[in-house]
Amino acid sequence: MLKRMFSSAAILLFAIPGRMLAAEVAVPPDLQPWQGWVLQGEEFRHCPFINGSGAASGGAFQCIWPERLVIDLDARGGRFSQRWEVFTESWITLPGDLEHWPREVALDGARAVVVAREGNPRIRLAAGSHVVTGGFRWARRPESLGVPPQAGIIALTLDGQAIAQAERTGNVLWLGRRRGPVEQQQLDLQVYRLLSDQIPAMLTTVIRLQAAGEAREELLAPVLPTGFVPVSLASALPARVEPDGRLRVQVRAGTWQIQIAARGSGIAQDLHRPAGDGPWVNDEIWSFTAADRLRVAGIEGVESIDPGQANVPEEWRSFPSYRVGRDAEVKVVERSRGLATTDDNQLTLLRALWLDFTHHGFTAVDSISGSMRQGWRLDMTEPYRLLSARSGEDNLLITRGANDRATGIEVRSPQVQLQAVSRVEGGSSMPATGWQGRFSNVQGTLHLPPGHRLVAAVGADSAPGAWIEQWRLLDMFLVLVASLAVARLLGWQVGLLALVGLALTHHDSSGMIWLWVNLLVAVVLAREAPEGRLRFLASIYRAVAAAILVIALVPFIASQARLAIYPQLDSGNYYGVPAPFPAAAPPEAGVIQPTGVATEADKMEAQSPAQMNMPAEREMAKGRAEEKLASFGGAYLSKRLTRPTERYAPGTLLQAGPGIPEWQFIAQPYAWSGPVDAGQKVRFVIATPFWLSLWRLAGIVLLAALLVLLVRFAYGWPQRWPQLPRFGAAPAGWVLALAVLASLAAPHPARAALPDAA
């Protein structure tokens, strides 16, 4: 078990994928003797790695490379020979089978041991280059003979006559039939490339081969332009890219396809076809896929061509295609730097988000402002449901978007200033905006009912009111120091109790951590001070520190217990963190805010009757409003009475939307520091009243237990933890418990919010 764990941790250090990389991997001298031990059972990691496949299994490594298999047979038997390149000790398959067993098998001229594995004759070869020879004997030549599955080219001779095209089905070589006329050797190529304008540039090359004639090995011309490095090769034929860039492939009759993926050294600019000797095509077909979010670019200098007529791969036919000759230069011309400043929308989103009292979902009130340069439509996707929208004083019609899951509004002005109300049902994980579009700035405020706490806003860049983000380095340092000191004095169990209790209550007990540290310092001084006046003074200091902590702890425990029993009393921000940005204010229900200059009459209409309960004030406001209307000559009133109605067809029903929450209990701001895309998500981790009550009860119980244990230790009383302390042994604990019960029993003024007359 130990060996398995150690080898899993060290295998990445010792595994060397291929001999060409061996010089690049430096194993420390002290660890070199361990390589064999760590790689036991993982020897295949010495072999070249097949890029693009899973590196966890041996199938991702090519450990053996066969060359031409030469077989010379007649009616009584025959001989075979084959050269193998082996990268690590491996089993290879010999020609033949269990019925026709190979004889006189020699490895590099010496006798070799042949064993049967998985129904085939096999021998084990060490790393290196080897030549394997052997023979067959039979009374009558069989119709077929097994051959190694890795063998690509087979040179077969029957009765002294070379077979130009040996018939092979899988791993079976047929010996009973002969072909009539020998087919002439021929190789036709078609080359297609897809250039992806990424960073770095990616080039996918597809080579289609149509081969005729006998099986053979072909060394094609260099396949990649200058500056591109191959990263993967997929082929049904044995093939590899040589160090000089040429493609070596063992071809046989049929139609085959080879795909090579390569990456460039940077962005694509001026590209040239590779030059070199070997079979290749006169014209290549290139396709180009752009990344408009990075830059707007196109190909120049070559002739464009119809992808369908050029037989471009089906998945590339949506991209522009070009014919590239031998001496052609492919120029990638940059026309602009993406959509960053000139084409992209510049929108700002201010959101106010209310959590339902029933926890069924959220109500979002959005204020969107900025400029739109493309699209001219704002759509909201599921799980959000757009319920109403308005621009200034006009309600907007909500219509279905491009798909059934999107609803939105049309924006007919480049300058956007609108408010929208939406709902999202379900849990606290949701898209960051819900809108199909990118916002350059997103800020919001999460409104929680009483008795809730925002623990974290996962996905947002900042949420200063969240419990996790309240932890500063000094806070963590003080809590850890106090917990370690308790563990040193009372044992690790009590230290763990102190760590949990102080962490749960740290943000609610403003500055109380210093009183705990002060008491710990006093306890240590009183115990370590020498006998005499110094110890007497330390004892007084210890008693004063304990008294101060008890005086501060009793009302804190009482308030926490009260909030745990009555969560509805928790309706404020106990962290005291001001909102760094304004929340999106919901429009007042029943009040239409006109664009332009608001009059005093408009302001008075927006006030509630409770605010207008004095006749004198009403008369004064009315007089000022009449003077203001007279000064404007009634122009504004006329404009308000003749509002345009030509935007929608007569009789169109505009969605008024649901009621908008106006309560303000616990407000937690959150924001992003940069642009926010449609795919980004946010998850609010919220402690509901039940869990928050358990949180507070656990915190006060742990703090009370910590205080009792610390006082008992300070005065040398017997420790009976975790049993409950007796009255005579721990008067401080009983006094604390009685104080908490008394504070809970004491009457407190009721707190309620009543609606106004409206």
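The values are calculated or read from the model by the stated rules, or taken from the named source; none is laboratory data. Here the structure is a predicted model, which means the values were calculated and not measured. Every residue, glycine among them, receives a Cβ derived from its backbone with ideal geometry; neighbour counts consider all protein chains shown. The area values use the complete protein model at the heavy-atom level, side chains included, leaving out ligands, DNA and RNA. Shrake-Rupley method; radii C 1.70, N 1.55, O 1.52, S 1.80 Å.
Using alpha-carbon pairs under 8 Å, 6+ residues apart, how would you state the relative contact order of segment 55-150 in percent?
35
Between H360 and A678, the contour length at 0.36 nm per residue exceeds the alpha carbon distance by 112.1 nm. Annotation: amide H-H contacts under 5 Å for G401 (H modelled 1.01 Å from N, sequence separation of 5 or more, or interchain): A406, T407, G408.
Excluding E242 itself, calculate the net charge of residues whose Cβ lies under 13 Å from the Cβ of E242, where each Lys or Arg counts +1 and each Asp or Glu counts -1. Please list the in-between numbers first.
Details: positive: R240, R246, R248; negative: E217, E218, D244, D277.
Net local charge, E242 excluded: -1.
Less than 5 angstrom separates the built amide H of I666 from those of L448, all sequence-distant by 5 or more or on a different chain.
Under the √(5λ) rule applied to the eigenvalues of the Cα gyration tensor, what semi-axes describe the equivalent ellipsoid of segment 228-283? Give them in Å, descending.
Numbers: eigenvalues 103, 41, 24 Å².
Ellipsoid semi-axes (Å, largest first): 23, 14, 11.
Taking label positions 7 Å along the Cα-Cβ direction at both D292 and Y715, the computed distance is 7.9 nm, reported to one decimal. Our coupling estimate for segment 185-191, obtained by passing each phi through the Karplus curve with A = 6.51, B = -1.76, C = 1.60 and θ = phi - 60°, is 5, 8, 9, 10, 10, 9, 10 Hz, Gly and Pro reported as x.
For D475 and A698 in one chain, what is 0.36 nm times their gap in residues minus the Cα-Cα distance, to one decimal in nm? Display every interim value, and only then the final one.
On the way: separation 223, 0.36 × 223 = 80.28 nm, distance 1.99 nm.
Extra length available between D475 and A698 comes to 78.3 nm.
Stretched out straight at 0.36 nm per residue, the stretch from V229 to E99 would grow longer than its current Cα-Cα span by 42.1 nm. Surface composition of segment 425-488: carbon plus sulfur atoms hold 63% of the accessible area, using a 1.4 angstrom probe and ignoring ligands, DNA and RNA.
Lys and Arg at +1, Asp and Glu at -1: add these up for the other residues within a Cβ distance under 9 Å of R385 and post the number.
On the way: positive: R423; negative: E382, E425.
Result for the local shell: -1.
Amide H contacts for S462 (H built 1.01 Å from N in the peptide plane; partners 5 or more residues away or on another chain; cut-off under 5 Å): A671.
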